[in-house]
Each structure stands twice: as C-alpha cells, then as structure tokens.
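A short write-up of the structure that comes next.
The values are calculated or read from the model by the stated rules, or taken from the named source; none is laboratory data. The model shown is predicted, which means the values in this text are computed figures rather than measured ones. Don't worry about glycine lacking a Cβ; one is built from the backbone with ideal geometry, like all the others, and counts go over all protein chains shown. Each accessible area value is taken on the protein alone, full model and side chains, heavy atoms only, with ligands, DNA and RNA left out. Shrake-Rupley method; radii C 1.70, N 1.55, O 1.52, S 1.80 Å.
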Amino acid sequence: APIPSIYESLGIEEGGAIGILTLSPYETSMIAADIAVKAANVDIGFLDRFTGSVVIMGDVQSVETALHAVTDQLKTILKFDVVPVTKT
C-alpha cells in the first residue's frame, strides 16, 4: 500500500493498493472504469474524462486483476495499443 501522503495528495481515502490508468482518447476512462469494477472488487478513487485519468483502489490482487482486464479488453475489443501493467 502507498504511504499515507499519497492518498492525501490524491484526495482519496486510504484503501489499500492504487492502480493508475492514463488513457487516450480521454473518453476511454469511462469504459476503463466500468471494465475495472466489473472485473474485480475495486472502487473508483478518481475518474476524469477530460484528461483520461482513472485511479482504482482495492487489495493488491483485485487492483492487478482489474488493470489486466482493462488492458486486455481495450486491446482485444477496441484494438488499442496497450503497454504492460507494471507494479511497484
């Protein structure tokens, strides 16, 4: 889990692991958030359809599952180019 100041800086409640997506076109953020919450037990900490930013929160495995589901579906269904999910 991130250090508490990360949650404070993001303006979200502490909630375990954080997954961050930056998407283009920006409207894809709404699709990604929908995929994420349907794929795993995660909450949306932040979504901005004007910048393409999505922050998801949950336990480490759920966040990782959600991120993989988003990238897999965007690649498979929408034919997007995606980068590998990384973990720190």
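Annotations
- With every protein chain in place, the chain: carbon and sulfur % of accessible area (1.4 Å): 56
- Calculated mean residue ellipticity at 222 nm for the chain: -12500 deg cm²/dmol, from DSSP H runs with n ≥ 4 weighted as -39500 (n - 2.57), summed, divided by the residue count and rounded to 500.
- Net length available on complete extension from Val83 to Val37 is 14.5 nm, with 0.36 nm assigned per residue and the Cα-Cα distance removed.
- Evaluating 6.51 cos²θ - 1.76 cosθ + 1.60 at θ = phi - 60° for every residue in region 21-27, the Karplus couplings come out as 10, 10, 10, 9, x, 4, 4 Hz, glycine and proline recorded as x.
- A simple charge model with +1 on the Cβ of Lys and Arg, -1 on the Cβ of Asp and Glu and nothing else charged puts the dipole of the chain at about 320 debye relative to its Cα centre.
- Residue-wise HN-Hα coupling along region 78-88, computed from phi with Karplus coefficients 6.51, -1.76, 1.60 (Hz; x: Gly, Pro): 9, 6, 7, 7, 10, 9, x, 6, 10, 9, 10
- Phi to ³J(HN,Hα) by Karplus 6.51 cos²θ - 1.76 cosθ + 1.60 over region 31-38, Hz, x for Gly, Pro: 5, 4, 4, 5, 4, 4, 6, 7
- For region 2-88, accessible area per residue (1.4 Å probe, heavy atoms of protein chains only), Å²: 64
- Only lysines eight or more places from Lys38 in sequence, or on another chain, were considered; none has a Cα closer than 16 Å.
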